[in-house]
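Written out below as structure tokens is the structure these notes cover.
The values are calculated or read from the model by the stated rules, or taken from the named source; none is laboratory data. On a predicted model such as this, the values are computed, not experimentally measured, just so you know. Glycine gets a Cβ as well: all are built from the backbone with ideal geometry, and neighbour counts include every protein chain shown.
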Amino acid sequence: MEYTILGIVLMIIMLLYFKVADRYNIIDKPNQRSSHTEITLRGGGIIFWFSALLYFIQHIQTNYFFFTGITLVSLVSFWDDIQSLSNKIRISIHFISISLIFLDLELFSLFPIWGTVIAYILAIGLINAYNFMDGINGITGLYTLVVMGALLYVNVKIQLFIDGSFIKYGMVASLIFLFFNYRKKAKCFAGDVGSIAIAFWVIYLVLKLILVTESIIWLLFLAVYGVDAICTIIHRLYLKQDIFEAHRLHFYQILSNEYKMQHRLVALLYGLIQIVISFLVVKLYQKVNDVIIFLLVILPLLITYSLKFYLLNKSNLRLKI
């Protein structure tokens, strides 16, 4: 009953936001590098912050660091959705927000300085990777459902590491967002406020699980996004491009734009691949060495990603003809 009421409340909030976005012209206009072709309301992902707010109201004594952090990143991201901000401002706020969840997790007392630096790089990198990957209808909502579903399973069946409702609130928000976004013609896009807020939420959960179990194997719950984002960044650096500028070189963009696969099908494909990986990780946890599990997951993903270059070359040849 709690989650049904939550869903209804979030649905009402989303509908009210549409009126605000329409009134103040908070829209996403397609350009030559976009994967969409029509003007669409932007910032629908603000629903994730509202879901975090509703959870925080009920657990105010235990989640103030997390809620303060997600509020900061949501605020600066929503501002960036309306009026572009400099990368320095955005990354500075990300750094402060990540510091807050590190305080919550007592990471500063657990890790040496070099370990903390790596944690910062990893967390900020994952936040931006999640944002980079949000480019077609349904991909953010579906992928988030898969990741949080895997985390919820671990929390229930393998290792209790957090209040289960904290995960479920994120999943309900994802379902409400998908109702409006997982369509041929999306009613709204997540915007930076959505992709970065939910990335912050996911990173908090994954880090907490890693600390409780003392295993980094759970990073593989983000393997599909991670490999695509990191490999694309390397590709763009090789091409001497500005990695913060919009582009169409992610694997999902090649499939959607160059080969005209339906956005929803590509998003579903990414989600299904991550489900298989998460299932493999859960089944092999504590049965197989972590390094071997990483190799079993990452190598096939790298091989799959390399197909992008074949598809690009084939597409270029077709255009020349």
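Given the structure, is Lys168 assigned to a helix (DSSP H, G or I) and of a type in the set (D, E, K, R)?
When the stated conditions are applied, Lys168 passes them.
Given the conditions (1) free of Cβ contacts under 8 Å to residues at least 60 places away in the same chain; (2) surrounded by fewer than 20 Cβ atoms within 10 Å (Cβ to Cβ), and given that Leu205 satisfies all but one, which numbered condition is not satisfied?
Failed condition: (2).
Which ranges mark the helices (runs of 4 or more DSSP H) fully within region 222-321 that have 2 or more residues being free of Cβ contacts under 8 Å to residues at least 40 places away in the same chain and within 19 Å of the chain's Cα centre (by Cα)? So that I can check it myself, show each step before the final result.
On the way: elements: 223-238, 263-284, 290-320.
It comes to 263-284.
Looking at region 59-110 only, could you name the residues that are more than 21 Å from Ile210 (Cα to Cα) and touching a residue at least 60 places away in the same chain (Cβ under 8 Å)?
Scanning region 59-110 gives His59, Val73, Ser74, Ser77, Phe78, Asp80, Asp81, Asn87.
So which of Phe18, Phe78 is modelled with pLDDT under 95, in a helix (DSSP H, G or I) and more than 20 Å from the chain's Cα centre (by Cα)? Don't jump to the end; show me each part of the working.
Details: Phe78 fails: more than 20 Å from the chain's Cα centre (by Cα).
None of the other options fit; the residue is Phe18.
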